[in-house]
Amino acid sequence: YLYVFNPIKRNIFRFTFTSSGLSQGIGWITDKKNLDFNQVRDMAVDGSVWLTTKDGKILKYVQGQSQPFTIEGLTDPFNSPLQISTAENDENLYILEPGQQRVVILSKTGKLIKQIKSTALSAATDIAVAEDPRTLFVLSGSTVYSIQL
């Protein structure tokens, strides 16, 4: 599937790859009542859809429905725009918060695994994780930082 976040149409559209290209997009979110589309900053899909917000929230959706997600063990809560990365076969979420100069690794159940702080992260704009070898990449301007996991 291909998921596309569309704040103007207030939905995430799911497309299927077919032999002739992409299918028509299907509105995927069915539980929109507490979702402020203007606050969404980033999205990652691993079977669930994970959204981050400009004010530091992480939202989880399964089959178009909002699911509870609570973070445990993080002493300084998120409070600024977040970027997120994960993969279907990954057990963790990788969160970049440039405003607090950190990368936070959480389990998908919300438990803090690790926090990496560095002033170099203050200008970072994106984050990605590679499987082989397990490496976290952080983009900051024209510089890409790599962190072995």
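Structure notes:
- Spin-label pair Thr143/Asp46, simplified geometry with 7 Å Cα→Cβ offset, distance in nm: 2.8 nm
- Taking region 4-149 and dividing mean pair separation by its residue count, relative contact order in percent (alpha carbons under 8 Å, at least six apart): 13 percent
- With a simple spin-label model that places each label point 7 Å from the Cα along the Cα-to-Cβ direction, the separation between Phe17 and Glu91 comes to 2.8 nm.
- Lys-Lys pairs in the chain that are eight or more residues apart or on separate chains and whose Cα atoms lie under 30 Å of each other come to 29.
- Each principal axis of the Cα cloud of region 36-149 was taken in turn, and the coordinate range along them, longest first, works out to 37, 30, 27 Å.
Read-outs throughout are calculated quantities, based only on the coordinates presented, and are distinct from any laboratory measurement. The structure displayed is predicted, hence computed values, not measured ones. No Cβ is skipped: glycine too gets one built from the backbone with ideal geometry, and neighbour counts run over all protein chains shown.
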